[in-house]
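Enquirer: The structure is given below, and queries will be raised subsequently.
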Amino acid sequence: MSAVTSTPRTPVTTPAPAAPRPRRHRTVRASRIVNYALLAVVVLCYLFPLLFLLNTALKSNAAFFADPVGVVTSPQWGNFAQAWVQGNFGAYFLNSVVYTVFAAGLGTAIAVVMGFPVGRGYLRFPRLWNALFVVMLFLPNALITQFQLLLRIGLYNTYVGYILIMAAAVGIGPLLISGYVKSLPRELDEAAAVDGCGYWRYLLTFVIPMAKPAIATVFILQAIGVWNDIILATILLPDQAKSPISLGLYAFQGTYTNDWGLLAAATMIVAAPLVAAYVFLQRYLVGGVVGSIKG
């Protein structure tokens, strides 16, 4: 009688229950959602005034008084052309472009010349210089002194006088340049010195190209101050033919006080160049500020 051999049974294994998702992942996801929500709120806070202004600029006067906050149904694109012609914004715009380009460019150059040696430690007491840069931000504007200075040197009510005064208001520029320069490798200075590269040549050919984000940031901030200035322009430029676009908008507002569509269109004309400049140069602005903080 032969022995009966039985094959061993394979044990049946039940799948293990899925491990619960780590709590940390849920926390990270929740915090990310909160960050996106806060970012959306910030973007809405910045875009809503511009969108509301554009909505008003596209309304006729009758449509505005009928529903001031309603969405425009029949856009009046002619408001922009009408405001441009009636407000003589062409001449004002050209004046502001000249003031902004030259004053912001000269002010940026001054900020570079002031900030680079302090950031590199080529001057004695660099911390004291940085403290002076900070104190400069809180000093009041000496309007009477500036008025008397331009009057005595014969530059009152001139393009050159106004540009020089606006260029001297460097603001936070030297502080940003000084902070950004600290992030640049010091080995470049030593290599340039070994090769016989002079100070000004090194500054123009090496430092400025490497510090483009910070320089662009300083230029944008300076340009915003020049473009939006109305106090110094009122005091130093009594000739209406030399007025910047900010004074042109002020005069336009006094003439067309009750025509809200035209007023909004004129305001959009004044604000559009700065908005466009910020959109195209925002990466330099962010890079310059971040680099200055890291430095």
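Enquirer: Return the residue satisfying two criteria in turn: it lies in region 131-146 and is more than 22 Å from the chain's Cα centre (by Cα) and part of a helix (DSSP H, G or I), and of such residues it is farthest from Val160 (Cα to Cα).
Expert: Selected residue: Ala131.
Enquirer: Another question, then. Residue by residue through region 188-200, note down the ones that are without any contact (Cβ under 8 Å) to a residue 60 or more places away in the chain, assigned to a helix (DSSP H, G or I) and under 20 Å from Val118 (Cβ atoms).
Expert: Across region 188-200, the qualifying residues are Leu188, Glu190, Ala192, Ala193, Tyr199, Trp200.
Enquirer: Between Thr73, Thr100, which is under 30 Å from Tyr202 (Cα atoms), out of contact with any Asp or Glu (no Cβ under 7 Å at 6 or more places or on another chain) and hydroxyl-bearing (Ser, Thr, Tyr)?
Expert: So the residue among Thr73, Thr100 that is under 30 Å from Tyr202 (Cα atoms), out of contact with any Asp or Glu (no Cβ under 7 Å at 6 or more places or on another chain) and hydroxyl-bearing (Ser, Thr, Tyr) is Thr100.
Residues are listed down the side, and each one gets a yes or a no for (1) modelled with pLDDT of 85 or more; (2) on the phi < 0 side of the Ramachandran plot; (3) surrounded by 15 or more Cβ atoms within 10 Å (Cβ to Cβ); (4) among the β-branched types (Val, Ile, Thr):
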position	(1), (2), (3), (4)
Pro209	yes, yes, no, no
Val218	yes, yes, yes, yes
Val226	yes, yes, yes, yes
Asp239	yes, yes, no, no
Thr255	no, yes, no, yes
Thr267	yes, yes, yes, yes
Ala277	no, yes, yes, no
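Enquirer: May I ask you to list the residues in region 28-73 that are among the aliphatic types (A, V, I, L, M), touching a residue at least 40 places away in the same chain (Cβ under 8 Å) and either touching a strand residue (DSSP E or B) at 6+ places or on another chain (Cβ under 6 Å) or assigned to a loop (DSSP other than H, G, I, E, B) (or both)?
Expert: Leu58
Enquirer: Quickly run through region 98-129 and pick out the residues that are within 17 Å of the chain's Cα centre (by Cα) and not small (Gly, Ala, Ser).
Expert: Thr100, Val101, Thr108
The values are calculated or read from the model by the stated rules, or taken from the named source; none is laboratory data. Since we're looking at a predicted model, the values are computed, not measured. So basically every Cβ, Gly included, is an ideal-geometry build from the backbone, and we count neighbours across all protein chains shown.
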